[in-house]
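Report on the structure given below.
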Amino acid sequence: MNADAPPPPDWPALWDEVLRVRAATASVSELNAQGLSPGSAALLSLYRPLLGSAWCVAQLGQSLDGCVATHSGDSYFVTGGESLLHLHRLRALCDAVLVGAGTVMADNPLLTTRRVPGPSPTRVVLDPAARLDGRARVFTEAQATTLWLCDARHAPAARAALASGPAEVVAIEGLLDAGGAWHPERVVAALAARGLQRLFVEGGGVTVSRFMAAGCLDRLHLVVAPVLIGAGRRGLQLPPWATMADCPRPLAQRVVLGDDTLWDLDLRAAQPPLRS
């Protein structure tokens with residue numbers, strides 16, 4: 001598919017069927033790739049694994065040199081139009097979409113599903129130390145439910161900042177440890193307790209990296225755009241491995257989204273390290 005090309009002609013009807021499976025009004029067995037155009041079959045391969053009852057997927061859009069924004073924080077837009085449609089499809093398929101406080105500060109996102117048909121998820125802002133002031137759009141515009149996740153010690157400050165706003169502050173005991181690090185597994189547990197079991201970690205790079213390092217991600221969609229940013233803000237930042245033989249090699253499929261290339265990484269089915 002070329003940049004900004006329309007979706008394949010058979011895609012809208014197939015997406016409607018995907019949404020019916022997501023809403024449990026149709027069976028995943030009814031989604032058959034036979035007879036589909038190559039473009040629709042490729043897209044279905046991305047979304048079919050996300051039609052189960054519980055999962056955690058993250059997406060990062062980055063440059064060829066591994067940056068998600070320029071040094072000044074500008075990220076509009078690293079990736080192209082088809083990748084943006086893909087992001088909105090992920091929102092439509094999840095129960096909750098999560099971003100970190102830094103993303104809210106930098107981008108002031110709305111986090112609703114707008115560019116494709118489908119429901120808007122519960123919006124989750126991960127802000128362990130309650131750094132935000134409660135005035136971002138995600139807190140003030142009641143187009144979808146918003147949860148503001150904070151360590152229990154900082155939750156009173158968040159509630160005071162919200163005043164009568166439509167968002168809800170969720171206090172999580174032990175979210176921050178004594179050293180100031182936060183624990184992704186406690187976030188996943190707190191959301192699952194509310195019935196939010198299909199989680200999309202949308203950003204930013206630090207948040208996605210923490211979830212991945214903690215082993216909380218089932219899949220990572222890494223979208224690479226044909227652009228060079230230089231000394232910008234990095235995407236994935238993981239603990240180092242000493243040798244290439246030790247580096248994990250997840251099962252991966254590649255899907256072309258316009259000028260971008262999406263790598264769908266199955267983190268639950270990593271290949272064994274290469275050995276000579």
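Numerical summary
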{"read-out": "Scan of the stretch 91-115 for residues that are out of contact with any Ser or Thr (no Cβ under 9 Å at 6 or more places or on another chain) and either farther than 19 Å from residue 133 by Cβ or aromatic (Phe, Trp, Tyr) (or both), ordered by number", "value": "93, 115"}
{"read-out": "Residue pairs meeting the criteria (Cβ under 6 Å; at least 6 apart or on separate chains; first of a type in the set (Ser, Thr, Tyr), in the stretch 71-83; second surrounded by fewer than 22 Cβ atoms within 10 Å (Cβ to Cβ))", "value": "79/225"}
{"read-out": "Residue that is surrounded by the fewest Cβ atoms within 10 Å (Cβ to Cβ), among those in the stretch 39-59 that are in a loop (DSSP other than H, G, I, E, B) and of a type in the set (A, V, I, L, M)", "value": "54"}
{"read-out": "Scan of the stretch 1-16 for residues that are at pLDDT below 95 and crowded, with 17+ Cβ neighbours inside 10 Å, ordered by number", "value": "1, 7, 8"}
{"read-out": "Condition check for residue 114: in a loop (DSSP other than H, G, I, E, B) and not hydroxyl-bearing (Ser, Thr, Tyr)", "value": "yes"}
{"read-out": "Filter pass, residue 128 being more than 25 Å from residue 173 (Cβ to Cβ) and of a type outside the set (S, T, N, Q)", "value": "no"}
{"read-out": "Candidates 201, 223, 187, 169, filtered to the one that is in the same structural domain as residue 85 (by TED's automatic domain parsing) and part of a helix (DSSP H, G or I)", "value": "187"}
{"read-out": "Where residue 43 falls short, out of the listed (1) in contact (Cβ under 8 Å) with a residue 60 or more places away in the chain; (2) not small (Gly, Ala, Ser); (3) not assigned by TED's automatic domain parsing to the domain that holds residue 23", "value": "(3)"}
{"read-out": "Looking only at the stretch 128-170, and only at residues there that are of a type in the set (Val, Ile, Thr) and touching an Asp or Glu at 6+ places or on another chain (Cβ under 9 Å), the one that is farthest from residue 184 (Cα to Cα)", "value": "145"}
{"read-out": "Residue 129 being part of a loop (DSSP other than H, G, I, E, B) and either touching a Pro at 6+ places or on another chain (Cβ under 6 Å) or not assigned by TED's automatic domain parsing to the domain that holds residue 58 (or both)", "value": "no"}
{"read-out": "Flag if residue 223 is surrounded by fewer than 21 Cβ atoms within 10 Å (Cβ to Cβ) and of a type in the set (Val, Ile, Thr)", "value": "no"}
{"read-out": "Single residue of the stretch 18-38 satisfying the filter (charged (D, E, K, R) and surrounded by fewer than 16 Cβ atoms within 10 Å (Cβ to Cβ)) that is farthest from residue 119 (Cα to Cα)", "value": "30"}
{"read-out": "Residue match in the stretch 214-228 (condition: of a type in the set (D, E, K, R), within 29 Å of residue 81 (Cβ to Cβ) and at pLDDT 95 or above)", "value": "yes"}
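Yes/no matrix, rows are residues, columns are (1) in contact (Cβ under 8 Å) with a residue 60 or more places away in the chain; (2) in contact with a Leu (Cβ under 7 Å, 6 or more places away or on another chain); (3) among the aliphatic types (A, V, I, L, M):
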position: 215; (1), (2), (3): no, no, no
position: 219; (1), (2), (3): yes, yes, no
position: 229; (1), (2), (3): yes, no, yes
position: 232; (1), (2), (3): yes, no, no
position: 238; (1), (2), (3): no, no, yes
position: 241; (1), (2), (3): no, no, no
position: 252; (1), (2), (3): no, yes, yes
position: 264; (1), (2), (3): yes, yes, no
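The values are calculated or read from the model by the stated rules, or taken from the named source; none is laboratory data. Since we're looking at a predicted model, the values are computed, not measured. Reconstructed Cβ throughout: ideal geometry from the backbone, glycine too, with neighbour counts over all protein chains shown.
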